[in-house]
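First up is the structure itself, then whatever we jot down about it.
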Amino acid sequence: MSLFTYGMLLLQAITLLTIGWMIKQYFPSYFSEKGKNLATKEDIGRITAEVEKVRLVYATDLETTKNELQRGIERTRHDLSLALEASNRYENLRVQAYVDFVRAVGGLAVSQRNEDASEERRYSAQVAEAKVRIAIYGSKEVAEQLGYFFAKYGALTSQEAMLSFMNAIQQMREESVLPSEQVETNVIGQLLF
């Protein structure tokens, strides 16, 4: 064997040993690291998929809750609208009964002064009809004050009767106008008598 062949064999052996040593030293840690990275990527993928599932469930639940709340708000808004409408209707009937009563009493007083029996009967009927509506729609306070007036006096024949009547009218005003629009009882008396 020639020296050259022997050198080449020796060089090949050293190269093989070096490659073997590198494979033994370097590649296991390389493949181990690659395996860890691959496992980490798979774990991250599973975790991401689970997070997305949970996010989807919460998003669906949130949307369902929002829709239920919106329907509840709409029902409440509708109920409040109906209640407000009923309250306004009642308020209008009450105020109209008060106005009709005062108008009829004023007409009755004028027809009595003029000694017009026909007009007196007409206004008496209007007073009776307005009293019925006040009994139904009027407040407790107004109904009690008018009831007291009619039970004790029945007509405007004395100062006490007029004061009792004006107190009932004042109560009607308190329920029908703003507090800043209230007037003294004597002003009501000047307007009516």
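Every read-out reported here was derived from the displayed coordinates using simple, explicitly stated rules and does not represent laboratory data. Worth saying up front: this structure is predicted, and the values here are computed from it rather than measured. Here Cβ is always computed from backbone atoms with ideal geometry, including for glycine, and neighbour counts include all displayed protein chains.
Couplings 3J(HN,Hα) of region 170-175, computed from phi: 4, 5, 4, 5, 4, 7 Hz, in residue order, whole Hz [Karplus 6.51 cos²θ - 1.76 cosθ + 1.60, θ = phi - 60°; x for Gly and Pro]. Looking at region 42-131, the GluC sites (Glu not before Pro) that sit in a DSSP loop and have at most 14 other Cβ atoms within 10 Å of their own Cβ are GLU115. Remark: the chain carries a charge dipole of roughly 1120 debye about the Cα centre, counting +1 on each Lys and Arg Cβ and -1 on each Asp and Glu Cβ. Distance between the 7 Å Cα→Cβ label points at SER176 and THR60: 6.2 nm. With respect to the chain, whose longest principal axis is taken over its alpha-carbon atoms, helix 117-137 is tilted by about 30°.
Between ALA130, VAL177, VAL142, the Cα set farthest toward the positive side of the dipole of the chain (charges on each charged residue's Cβ, about the Cα centre) is that of VAL177.
Above 19 Å lies some portion of the pair distances; for region 53-132, what is it as a whole percent of all C-alpha pairs? Cα-Cα pairs of region 53-132 separated by over 19 Å account for 64 percent. Every helix of 4 or more DSSP H residues in the chain counts as -39500 (n - 2.57), and over all residues that averages to -32500 deg cm²/dmol at 222 nm. Projecting the Cα positions of GLN96, THR65, SER158 onto the charge dipole of the chain (unit charges on Cβ atoms of Lys, Arg, Asp and Glu, taken about the Cα centre) puts THR65 furthest along the positive direction.
Looking at the P(r) of the chain, how many percent of alpha-carbon pairs lie beyond 32 Å?
When all Cα pairs of the chain are counted, 58 percent exceed 32 Å.
Bridgeable lysines around LYS41 (alpha carbons under 30 Å apart, same-chain partners fewer than 8 residues away excluded): LYS24, LYS53.
Stokes-Einstein D for region 96-192 at 10 °C, 1.306 mPa s, Kirkwood Rh over Cα pairs, in µm²/s? Write out the running numbers ahead of the final one.
On the way: Rh = 13.7 Å.
Estimated via Stokes-Einstein, D reaches 116 µm²/s.
The phi torsions of region 41-49, fed into the Karplus equation with coefficients 6.51, -1.76 and 1.60 and a -60° offset, translate into couplings of 4, 5, 4, 4, x, 5, 4, 4, 5 Hz, rounded to whole numbers, with Gly and Pro shown as x. Listed from fewest to most Cβ neighbours within 10 Å, the set SER111, SER118 follows the order SER118, SER111.
What FRET efficiency, computed as 1/(1 + (r/R0)^6) with R0 = 45 Å and r the Cβ-Cβ distance, is obtained for ARG103 and THR76, rounded to the nearest 0.05?
Numbers: r = 40 Å, r/R0 = 0.88.
The calculated FRET efficiency here is 0.70.
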